[in-house]
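The values are calculated or read from the model by the stated rules, or taken from the named source; none is laboratory data. Quick caveat, the model's predicted, so the values are computed rather than measured. Cβ placement follows ideal geometry from the backbone for every residue including glycine, while neighbour counts extend to all protein chains displayed. SASA here: full protein model, heavy atoms, side chains in, ligands and nucleic acids out. Shrake-Rupley method; radii C 1.70, N 1.55, O 1.52, S 1.80 Å.
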Amino acid sequence: MKIIQAKDYSDMGKKASELIVRLVKQKPEAVLGLATGSTPKTTYKEMIKDHHENGTTYRKIRTVNLDEYVGLEKGDINSYHYFMNEQLFKHIDMKSDNSFIPNGMAENIQQECAYYNQLIQSLGGVDLQLLGIGRNGHIGFNEPGTSFTEKTHVVKLAEDTRKANARFFPSLNDVPHHAITMGIQNILESKSILLLASGESKAPALARLLNDRDVSVSFPASSLHLHSNVTVIADEEALSQVYSLEGRP
Ligand code: PGA
């Protein structure tokens with residue numbers, strides 16, 4: 001696991017964007033696995049800036065998002081469809097046909113999960129999967145206890161996750177109880193993984209990931225120790241409880 005220390009949230013975004021842009025230039029038809037939440041916002045902002053200033057093109061890029069709430073329409077301001085469009089897609093030259101996000105309104109949610117797994121395969125797999133980390137160590141919406149062999153599935157959101165995300169909704173009651181998420185196995189099948197973390201609220205989770213290094217389903221992010229190409233970009237606050245910042249293979 002390679003650890004890159006960023007000064008703050010904005011610097012984390014710059015460093016992450018540089019890695020993504022490098023891949024986009026090297027492999028113009030790459031499949032990017034994207035994430036939502038507060039964490040990747042500065043990364044997307046920097047990608048947009050680079051697109052405008054340096055002309056990096058996304059015309060052939062395909063994207064698959066990690067997750068979506070069950071029961072929110074695509075146009076709902078809290079849906080991840082809406083988020084991705086506002087935060088990234090509408091500002092770059094991505095083709096709308098090339099971006100994929102689980103459909104949380106699908107009539108048959110189980111079928112939607114199976115379709116999403118097939119889709120990822122038919123795209124040739126994910127070249128780089130961007131991840132945030134939950135305070136409880138979740139990645140995507142894979143909450144503690146999720147088997148590492150799960151593929152795309154429906155989850156009941158942990159109360160801690162609903163509370164953390166309530167800041168975006170009128171009230172906690174409005175936060176959906178379920179989501180569709182890529183599973184940990186999908187994440188581990190990505191060719192490379194870029195995990196981002198910013199702020200002191202993520203410090204205990206990063207400490208558990210990078211100090212303890214135990215691999216346990218009780219801490220989903222620990223599954224990343226089973227992958228050979230993981231980069232962590234985190235800012236000083238998020239790394240404040242990590243003993244050693246030496247990246248270890
Ligand atoms: P956040 O969420 O970026 O909004 O902190 C990350 C996550 O829960 O995975």
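List of remarks:
- Scope region 205-219; condition under 16 Å from residue 234 (Cβ atoms), of a type outside the set (A, V, I, L, M) and surrounded by 15 or more Cβ atoms within 10 Å (Cβ to Cβ); matching residues: 208
- Test result for residue 15, part of a helix (DSSP H, G or I), open to solvent by 30 Å² or more (accessible area, probe 1.4 Å) and modelled with pLDDT of 95 or more: yes
- Some residue of region 220-231 being within 13 Å of the ligand (Cβ to nearest atom), in contact with a Gly (Cβ under 8 Å, 6 or more places away or on another chain) and either among the hydrophobic types (A, V, I, L, M, F, W, C) or in contact (Cβ under 8 Å) with a residue 24 or more places away in the chain (or both): yes
- Extreme residue, nearest to the ligand (Cβ to nearest atom), among residues of region 118-138 that are farther than 22 Å from residue 228 by Cα and in a helix (DSSP H, G or I): 119
- Look at region 96-119: where a residue is farther than 30 Å from residue 57 by Cβ and among the basic types (Lys, Arg), no partner that is open to solvent by 100 Å² or more (accessible area, probe 1.4 Å) and at pLDDT 95 or above sits 6+ places away or on another chain with Cβ atoms under 7 Å.
- Region 21-37, residues that are within 16 Å of the ligand (Cβ to nearest atom) and aliphatic (A, V, I, L, M): 34, 35
- Listed conditions (1) within 16 Å of the ligand (Cβ to nearest atom); (2) open to solvent by 20 Å² or more (accessible area, probe 1.4 Å); (3) under 30 Å from residue 106 (Cβ atoms) are all met by residue 76, apart from (1).
- Which numbered condition residue 157 fails, given (1) under 22 Å from residue 201 (Cα atoms); (2) in contact (Cβ under 8 Å) with a residue 40 or more places away in the chain; (3) out of contact with any Ser or Thr (no Cβ under 8 Å at 6 or more places or on another chain): (2)
Yes or no, residue by residue, for (1) among the charged types (D, E, K, R); (2) open to solvent by 50 Å² or more (accessible area, probe 1.4 Å):
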site: 140; (1), (2): no, no
site: 144; (1), (2): no, yes
site: 157; (1), (2): no, no
site: 162; (1), (2): yes, no
site: 175; (1), (2): no, no
site: 185; (1), (2): no, yes
site: 190; (1), (2): no, no
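- Qualifying residue in region 142-157 (condition: within 16 Å of the ligand (Cβ to nearest atom), touching a helix residue (DSSP H, G or I) at 6+ places or on another chain (Cβ under 7 Å), among the hydrophobic types (A, V, I, L, M, F, W, C) and farther than 28 Å from residue 53 by Cβ): no
- Residue 24 passes every criterion in (1) open to solvent by less than 10 Å² (accessible area, probe 1.4 Å); (2) touching a helix residue (DSSP H, G or I) at 6+ places or on another chain (Cβ under 7 Å); (3) part of a helix (DSSP H, G or I) apart from (2).
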